[in-house]
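S.K.: Would you mind keeping the following structure in view while I ask a few things?
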Amino acid sequence: MKSNSALITLIIIVSIIGIVIKFVISVVTALLLPIVIILLIAGLLTLSFIIYRYFYFNGSQFLNLKSDIQKYIQNCNDLNDHINQLKSSFVDISSYDYGKGELNDNSNYKFKRNEWQNNIKNHQIYNCSAAVCKSANDQPIKYLCKYFNIETTESSLMSFETVFNDFAAAEQGKEILKNERDSILTNISDSIPKLIMSFNKDMVIRKLGFETYDFSDLYFPVYTFQYVSAGGNSSTKCDIQLNIDNLEKLIFYLNDLVKFRKSIQGQRALMTSALREKIKSRDNFSCKKCSLSIRDEKNLLLEIDHVIPLSKGGITSEDNLQTLCWRCNRTKGSKIETA
């Protein structure tokens, strides 16, 4: 009797487990089935869109559109190349090189010295005391000149003015380039399917032939004053980015310290944002070589050029400055052109 009772109990338990498993499977199936169906539909829609996109970008409609605006796209790409050249203008300044060493901690105690790993060394970092780091934060231009060996000479000032002029043109060029590209895309937006334009704008830009444009300010050099305590438990740093504002302040600072040749005293002007705009306004915002103006071409990059280049003995004075469009300035280079 006992064995029969145990068998009956086992059968009941197995039956209950079977019912529970069947119920769980039915519930899971009921929950997962809609998700699976949705995923399948989404996958089919995505695949259909990819196929549709492929045939559109390789079809005559898009290729003809690309051909029609090719000269405008090439103009943007040429301007981008010119901006990248302007960005490469740079005066290499560095802290004094005291050589390299290797520091090893052989103490018997397990000091963490976490900040030692932050003690980075390169020519754009000056390792200093906490007091110097704090003072550099308070007077960045003065301490940049003092500890990164910037000479207070006419030649040094001219070099930084050149960098400022190029960087200022690059910043204006970036804005103009972005506006021009956006204007082209806006004008052709009705010719491109909204579905593709909405979900694949970056691909449209790339397929049309636009190069990758860098609108960041990462090209501005950064100089760092860095303090790390001897025990490695604390550190601080002051970063000085030579952007347009700081370059202009550096030019003013050097100008107050430089002793100019008597032959140019009273003639020389400082290359500043105000002077750049003054020269453009004087020249009626037109290129002095080809006469193209911002009235003819809305997104036109105008640059300030030295008629007699600095490398040929010219100086920064209003009489020696002229407005050129970026194409004419790119062609002129450092040549002296006669009328």
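The values are calculated or read from the model by the stated rules, or taken from the named source; none is laboratory data. Values in this document were obtained by computation on a predicted structure and should not be read as measured data. For neighbour counting, all protein chains shown are included, and Cβ atoms are generated from backbone atoms with ideal geometry for every residue, glycine included.
S.K.: So which residues in segment 232-248 are under 15 Å from residue 139 (Cα atoms) and crowded, with 17+ Cβ neighbours inside 10 Å? Full working, then the answer.
M.R.: Our first condition is that a residue be under 15 Å from residue 139 (Cα atoms); within segment 232-248, this holds for 237-242, 245-248.
The answer is 237, 238, 240, 242, 246, 247, 248.
S.K.: Moving to a separate point now. Looking only at segment 207-223, how many residues end up being surrounded by 13 or more Cβ atoms within 10 Å (Cβ to Cβ) and either of a type outside the set (A, V, I, L, M) or outside any helix (DSSP H, G or I) (or both)?
M.R.: So the count comes out to 11.
S.K.: Another question about this same structure. So, residue 219, is that one in contact with a Ser or Thr (Cβ under 6 Å, 6 or more places away or on another chain), among the hydroxyl-bearing types (Ser, Thr, Tyr) and either in the same structural domain as residue 75 (by TED's automatic domain parsing) or closer than 21 Å to residue 83 by Cα (or both) or not?
M.R.: No: the conditions fail for residue 219.
S.K.: Between residues in segment 130-150 that are within 14 Å of residue 257 (Cα to Cα) and residues that are among the charged types (D, E, K, R) and part of a loop (DSSP other than H, G, I, E, B), which pairs lie under 9 Å by C-beta distance while being six or more apart or on different chains?
M.R.: These pairs meet every condition: 145/151.
S.K.: Is it the case that residue 135 is under 16 Å from residue 237 (Cβ atoms) and either out of contact with any Leu (no Cβ under 7 Å at 6 or more places or on another chain) or among the hydrophobic types (A, V, I, L, M, F, W, C) (or both)?
M.R.: Numbers: under 16 Å from residue 237 (Cβ atoms): yes; either out of contact with any Leu (no Cβ under 7 Å at 6 or more places or on another chain) or among the hydrophobic types (A, V, I, L, M, F, W, C) (or both): yes.
The answer is yes for residue 135.
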